[in-house]
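Heads up, the thing below is written out as structure tokens.
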Amino acid sequence: MSAASYRRRTVGVVAALIMAACGPLTVSSVAQAQVQAEAVAQKSQPVSQAPASAAAAPAAAKGRHSVVTWGASADRQSAGPADRSYRLIVRTSVGGTNMQIRLSNAFGENPVTFASAYAGLQKQGAELVRGSNRQLSFGGAASVIVPAGETVLSDPLPGKLAAQSNLVVSLYVTGAQGPTTGHGMAMQTSYATAGDHAAEEGAGAWTDPMGSWYWLDAVNVETSTSIGSVVTLGDSITDGWQSSTDLNRRWPDYLSRRLQAADTPVKGVANEGISGNKVLADGAGQSALNRLQRDVLSHPGVRTVFLFEGVNDIKAHSGVTAQDMIDGYRKIIDQAHAAGKCVVGSTIAPFKGWYEWDTAAESVRLEINEFVRNSGELDAVTDFDKILRSPYDHERISPFFDNGDHLHPNDVGMGAMADAVDIGSLTSC
């Protein structure tokens, strides 16, 4: 191990100990595979009234810590109604206990009141597994006001949450004025309705399907301190555009399933892709540089950052050079290393045939990929360019993986990307 890697590992260990001792714990749901009787038994357990920081110390003493099991990058969304319930369906990666949700008002201009919040398990559509819906609390209270620009973590809720569960977080939101905070392209059907229906397990009131997540931007669980997560920082390909809706076929989803079956300490996956996102410039979400702390480094239990982004900077023809991009990558790598994280990077995939492609953009892409492959500044490299490109024309995505727009992979391509990740590389520093 190099001296630099040793220093990063030491920083990471110290950061993990600090997080375990001081960080808030999670709010948990029942495991999807468990029988209904267990769900009912768990529902009868009282919600912990202890502040999250007070509850974390015993967990650290037992060799356990908080790890992100699901995430979605927050962004500015349009104004929403002031009296509305949201039923948000997300897919966990790593399993654990004492689940916790993070609610974000990062892009709001006014305080938002979450009058009630519940967590349960999906049966089908907006319907929950009977007996699984449990009330969450915030500092011992059933409601919480989140100021503009802030986030809040819920109290830990006793019980288990299984890996690969369809978790349902139901929120009753009041006082929302102006822009909301959420993730626009979820590739997952969630639901909304007027009034307070968060506690209901039936689907009758939930008549408004939607393709976005609002307010919720992370779910954490408590697990062994030997277990960590990888955060995928990317754009629309990572976000899952053109993968099958409601089937969890984004490439990070396929990777998550591989990790559950593998002998690796990296079990969690948080997908922090935003469609249209750039490394250097704000636009479709804040740039990767500007959102790195909030969307990646702030999550608990993160061991590895997977950086796969840059095609939107290139194809925008804004004058960005390969050296500009490399400098941006270096800043992300340096900040992640300073936080004690490994950084795995990927080459930029081919996109000839997309309407913004030209030879100048292709030249920049090739120069960036040379840096990714051979600079040695990343802890490990996954070569998505090599995996996705056509063997007959390296400037094009293979027809077998192409969804039809010559930029975004289909479900098969998403699976091939996940299969290309060397699981050992996720613990490369």
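The values are calculated or read from the model by the stated rules, or taken from the named source; none is laboratory data. Bear in mind the structure is a predicted one, so any value in this text is a computation, not a measurement. Because the Cβ atoms are built from the backbone with ideal geometry, glycine has one as well, and the counts that use them run over all protein chains shown. What goes into the accessible areas is simple: the full protein's heavy atoms, side chains included, and nothing from ligands, DNA or RNA. Shrake-Rupley method; radii C 1.70, N 1.55, O 1.52, S 1.80 Å.
Observations on the structure shown:
- Taking θ as phi - 60° and the Karplus parameters 6.51, -1.76 and 1.60, the scalar couplings of region 344-353 work out to 9, x, 10, 5, 7, 6, x, 8, 4, x Hz in sequence order, x denoting glycine and proline.
- Shape category assigned to region 195-288 from the gyration tensor of Cα positions, a/c cut at 1.5: oblate
- Taking the C-alpha atoms of the chain, convex hull volume expressed per residue in Å³: 129 Å³
- Across region 89-103, rounded Karplus estimates of 3J(HN,Hα) from the backbone phi angles (6.51 cos²θ - 1.76 cosθ + 1.60, θ = phi - 60°) give 10, 9, 10, 6, 10, 6, x, x, 10, 6, 4, 9, 10, 10, 9 Hz, Gly and Pro being marked x.
- Based on the reciprocal of the average 1/r between different C-alpha atoms, the Kirkwood radius for region 270-429 equals 16.0 Å.
- All lysines inside 19 Å of K160 as judged from Cα atoms, apart from same-chain residues fewer than 8 positions distant: K43, K62, K123, K267
- Net dipole in debye of the chain [+1 Lys, Arg Cβ; -1 Asp, Glu Cβ; about Cα centre; nearest 20]: 1340 debye
- Residues of region 60-94 falling in the label zone of Q177, defined by backbone nitrogen less than 15 Å from a point 7 Å along Cα to beta-carbon, are 79-83.
- Residues whose placed amide H lies under 5 Å from that of R389, excluding near-sequence neighbours: S398
- Rounded to 0.05, the FRET efficiency of the A205 and N110 pair, given R0 = 25 Å and the Cβ-Cβ distance, is 0.45.
- Estimated translational D of region 212-263 in µm²/s (Stokes, Kirkwood radius over Cα pairs; 4 °C; 1.567 mPa s): 99 µm²/s
- Listed residues H299, H317 arranged by accessible area, highest first, probe 1.4 Å: H317, H299
- Using θ = phi - 60° in the Karplus curve 6.51 cos²θ - 1.76 cosθ + 1.60, the 3J(HN,Hα) couplings for region 238-247 round to 5, 5, x, 4, 6, 7, 6, 4, 6, 10 Hz; x is entered for Gly and Pro.
- Take the Cβ atoms of D422 and R76, set R0 to 35 Å, and the FRET efficiency comes out at 0.45.
- Given 16 as the ceiling on other Cβ atoms within 10 Å, longest exposed-site-free region of the chain for chymotrypsin sites (Phe, Trp or Tyr not before Pro) in DSSP loops: 1-354
- Under 5 Å between amide hydrogens, built in the peptide plane, is the criterion, and for V269 it picks out S93, V94, V230 among residues at least 5 positions away or on other chains.
- Amide H contacts of S143 (H built 1.01 Å from N, in plane; Pro and chain starts excluded): F138 sit under 5 Å, all sequence-distant by 5 or more or on other chains.
- Given charges at beta-carbon only (K, R positive; D, E negative), |dipole| of region 254-363 in Debye: 500 debye
- Carbon/sulfur fraction of accessible area - region 217-304, other protein chains in place, 1.4 Å, %: 45 percent
- The shape of region 93-241 comes out rounded: with a ≥ b ≥ c from the C-alpha gyration tensor, a/c is under 1.5.
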